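Student: Starting off with a structure, shown below.
What follows is calculated from the coordinates using simple rules that are stated; it is not laboratory data. This structure is a prediction, so every number in the text was calculated from the model and none was measured. Methodologically, a virtual Cβ is constructed for each residue, glycine included, from the backbone with ideal geometry; neighbour enumeration extends over all protein chains shown.
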C-alpha cells in the first residue's frame, strides 16, 4: 500500500466535537497567577584577606572567649551573701577596742557551777521520769476506760473518740528555764517577708 492510498483512506475521517482541541487561552482572569520578583545581580568579587589579619581576628575572638570563661568562673564561686553574718566596716575598724578576754574563774567558782549543773541535771531527770510514768498510767487508764465503754455502748464510744475542738487555744503555765521578758509581744503568726533578692 502506498502513501497515496493512505491519504485517500484518511481524507474522509472526521474528528468528533468531544475530541476537538481546547483553546490554550484561559477564559477567566482567575487562572492568572503571579510569582515573586527575582532580581539578579552579578556576583561580588571576593576580596583577598591577608592571613595575618585573619590570624589577628582569631586571636582576638579567642581572647574574648577566654575572658568570658574567666568571668564565669569568678562569679560562679561567689556565694549568696548573708547580711547577719557580714560584719560592718565600722565594727571591723573598732575590733581592737571591742575585743575583751574571758574572765578568769577561780577554782571554787568552777566547782560551784559544776555542782549546780549536776544538781539541776538530777532534778530534771527525776522530773522527766515522773512525767513519763504519769503519762503511761494515764494512757493505760484511758485505754481501759475506752474498752469498757465500747463493751457497754459502741455509740458512746464513737462519740468519745471524736476530737474536742474546744481545747484550743490551749494555755499552760509550766516551769521555764529563763524568766519572762517584760513587754514582749508574742507574734500573732502574720509575717512579712523582708528577704532581699540576690542575683549572682
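Student: Could you rank the peptides 163-175, 102-114 by their average count of other C-beta atoms within 10 Å per residue, with the highest value first? Display every interim value, and only then the final one.
Tutor: Values: 163-175: 5.5, 102-114: 8.9.
Per-residue mean Cβ counts within 10 Å order the peptides as 102-114, 163-175.
Student: Let me ask something else. In Å, the Kirkwood hydrodynamic radius of region 57-182 over pairs of distinct alpha carbons? Present the calculation step by step, with values, prior to reporting the outcome.
Tutor: On the way: mean 1/r = 0.0410 Å⁻¹.
Radius from the Kirkwood sum: 24.4 Å.
Student: Please report, to two decimal places, log10 I(q)/I(0) for region 105-160 at q = 0.18, 0.28 Å⁻¹ as given by the Debye formula with identical point scatterers on the Cα atoms and no solvent.
Tutor: -0.72, -0.98
Student: Any chance you could tell me what percent of the C-alpha pair distances in region 70-140 go past 21 Å?
Tutor: So the portion of pairs separated by more than 21 Å is 70 percent.
Student: Could you line up 123, 184 from fewest to most neighbouring Cβ atoms inside 10 Å? Spell out each step's value before the answer.
Tutor: Numbers: 123 10, 184 7.
Final ranking by Cβ density, sparse to dense: 184, 123.
Student: Another question about this same structure. Sticking to Cα atoms, compute the Rg of region 52-91 to one decimal and its Dmax as the biggest Cα-Cα distance, whole number, in Å.
Tutor: Over region 52-91's Cα set, Rg and Dmax evaluate to 18.8, 57 Å.
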